[in-house]
Each structure stands twice: as structure tokens, then as C-alpha cells.
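Visitor: One structure is given below, represented as C-alpha cells, and several questions about it will come after.
Computed from the coordinates by the stated procedures, all read-outs in this text should not be read as laboratory data. Not measured: the values here are computed from a predicted model. Neighbour counts run over all protein chains shown; Cβ positions are idealised from the backbone, glycine included.
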Amino acid sequence: MKAIVVTDPAAGTAGMKLTQRPDPDAARLASLSGASYGDVIVEVHASGFTGNELEWPSTWTDRLGCDRTPSIPGHELAGVVTALGYGTTGLSVGQRVFGLTDWTRDGTLAEYVVVEARNLAPLPGDVDFTVGAGIAMTGLTAWQGLFEHGRLRAGQSVLVHGAAGAVGSMVVQLAREAGAYVIGTGRTDHRQTALTSARTCSSISTTMPWKTSAGSTWFSMSSEARSRSGPPAWSEPEEHW
Ligand SMILES: NC(=O)c1ccc[n+]([C@@H]2O[C@H](COP(=O)([O-])OP(=O)(O)OC[C@H]3O[C@@H](n4cnc5c(N)ncnc54)[C@H](OP(=O)(O)O)[C@@H]3O)[C@@H](O)[C@H]2O)c1
């Protein structure tokens with residue numbers, strides 16, 4: 001299979017090379033002496049790569065701390081299951097899936113990847129593979145922040161800094177789904193895109209401050225405030241719900 005591999009931790013992204021790697025072995029995976037209990041093989045249709053993962057120790061060593069180069073980066077994926085390993089439950093061959101691969105194993109910048117079934121979820125038929133590959137890490141980050149660390153409950157307020165960003169836009173949507181009052185901060189026109197894509201916001205004021213009729217308020221930092229030193233000056237919302 002074709003894959004992008006890295007071999008030199010000092011080379012950065014310049015060291016990423018497209019090369020040929022052995023296909024995952026479905027027969028071995030399905031045997032009792034297979035690679036790992038509960039693994040499946042996925043044909044990768046879309047993959048996500050995080051810029052700084054080449055600085056993560058797990059890109060270069062396995063769980064025992066042993067060198068595992070050449071390693072294949074990328075951990076987000078969406079694709080189709082092509083083989084089931086011994087002990088796999090909950091998935092079937094041909095199923096559309098998305099998820100995250102283990103940090104210490106070969107990743108998703110490849111035509112095929114071996115991944116634990118528990119790290120995958122069904123991808124609905126009306127969701128593009130590219131969208132599926134783009135939501136696993138940001139969605140998990142947002143979920144952990146809101147619900148595992150923040151213990152968010154309906155009716156509470158959430159302040160989302162960088163609300164138009166990859167993680168921020170997920171936080172906005174999950175918090176609104178959970179019945180929270182959401183306040184977002186942002187600097188650019190990306191705010192409108194993020195608010196529109198949140199689908200929980202039925203109208204948007206194009207004059208600052210931003211306000212939606214669905215219970216979210218946006219504060220914006222003016223270019224004048226950004227360019228001077230000292231604490232940022234935020235515009236006031238017109239009203240709260
Ligand atoms: N992406 C992931 O899967 C992931 C996973 C774990 C942790 N993280 C961490 O989560 C954070 C956000 O990541 P991301 O992927 O969401 O990044 P991103 O898509 O680049 O979004 C960053 C957001 O921060 C805002 N921002 C950046 N610099 C700013 C500044 N000087 N003042 C005010 N706002 C500023 C941007 O606002 P504008 O849109 O207004 O420019 C943007 O909305 C990072 O610390 C990242 O390391 C990300």
C-alpha cells in the first residue's frame with residue numbers, strides 16, 4: 001500500500017515521504033496469533049494529520065519505549081472496514097466508520113490502517129468521509145472539556161474562546177445541544193461561518209456585537225483593541241437571554 005512515513009524526528013514535516021509499505025495481513029489478523037485482539041483493517045478514505053504530532057514521543061516509539069520507525073503519522077480517519085480481527089465485536093466488513101488510532105501505532109496517512117474496533121464508530125451514510133475524519137479529535141477534545149472536566153449541565157453558561165476555531169466550533173455546537181447558554185469570542189469573519197454551521201443559531205446580526213436568536217452571544221475584539229498594548233477591550237453584547 002502507499003503510505004507517508006517518517007524516520008527522522010529532527011526533519012519535521014520535510015521528512016514526510018510517500019512510499020510503499022506492506023499491506024496489513026487480514027489472515028494473520030483473524031487468527032489467534034494475530035497482531036492484536038479486537039483489531040480491524042480499514043480502507044482509509046480520508047485522514048487527519050495534526051501539525052505537531054511529529055514532536056510527540058509516541059510518533060517515534062511504541063508503548064515499551066522502543067524505536068518504531070519508519071512510522072506512519074496521522075490519527076484521524078474515516079473509511080470502510082475491510083477485515084475483522086479475532087475478537088472484534090460491533091463492526092462488520094463493508095461498514096463506514098470514523099475514529100482515532102492509537103498514538104503509538106502506525107496511523108492513517110496510508111491506504112489501509114489497522115485499528116482497534118473500540119476506537120471506531122459508525123459513520124452515517126449522509127456524512128462525507130472528509131467530515132468524518134475531521135471531527136474525531138476536535139469532537140473528543142470538546143467533549144472532554146465540556147462534559148468530563150467541566151461537568152456541563154443544561155442551563156449553565158459556557159464561554160468559548162476561539163469559538164470559530166476547529167475545537168471552538170465543536171464546543172459551541174455540543175454546548176448548545178446540551179442546553180447551555182454559549183458566549184463565544186473570536187476575531188475574524190470566521191465567526192459567521194462557525195455560527196451558521198452550528199445550526200442552533202437561527203439568525204445572526206452582521207453588526208458587532210454578534211447576537212443570535214438561539215441563545216448565543218458573540219463578543220468581538222476590534223482591530224484597534226488588538227493593535228494596542230494592554231488588556232483587550234471587548235464590545236458589550238446588546239442583551240442577554
Ligand atoms: N484541533 C484539535 O483536534 C485539538 C486537540 C487537542 C487540543 N487542541 C488545542 O486546542 C486549541 C485550539 O486548537 P484548534 O485546532 O481549534 O485551533 P484553530 O482552529 O486554529 O482555532 C484557534 C482559534 O483561536 C483563535 N485565536 C488564535 N489566536 C488568537 C489570539 N491571539 N487572540 C484571540 N483569538 C485567537 C482563532 O480566532 P479567529 O478565528 O478569530 O482567528 C481561532 O478561532 C489549541 O491550543 C490546540 O493545541 C486542539
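Visitor: Under 11 Å from the Cβ of Gly87, count the other residues' Cβ atoms, weight Lys and Arg +1, Asp and Glu -1, and hand me the total.
Guide: -1
Visitor: Return the loop-located trypsin sites (Lys or Arg not before Pro) in region 144-183 (DSSP other than H, G, I, E, B) with at most 10 other Cβ atoms within 10 Å of their own Cβ; answer none if there are none.
Guide: Those that pass, being in a loop and sparsely packed, are Arg151, Arg153.
Visitor: Just add up the charged neighbours of Trp60: K/R +1, D/E -1, any other residue whose Cβ is under 11 Å from the Cβ of Trp60.
Guide: Summing Lys/Arg as +1 and Asp/Glu as -1 gives -4.
Visitor: In region 92-117, which residues have a backbone nitrogen under 18 Å from the label point lying 7 Å from Thr141's Cα in the Cα-to-Cβ direction?
Guide: 99-104, 108
Visitor: Run through region 14-78 and list the chymotrypsin sites (Phe, Trp or Tyr not before Pro) located in a DSSP loop whose Cβ has at most 15 other Cβ atoms within 10 Å.
Guide: Sites meeting the loop and neighbour criteria: Tyr37.
Visitor: With r as the distance between the Cβ atoms of Arg187 and Arg118 and R0 = 45 Å, compute the FRET efficiency 1/(1 + (r/R0)^6) and round to 0.05.
Guide: My answer for the efficiency is 0.70.
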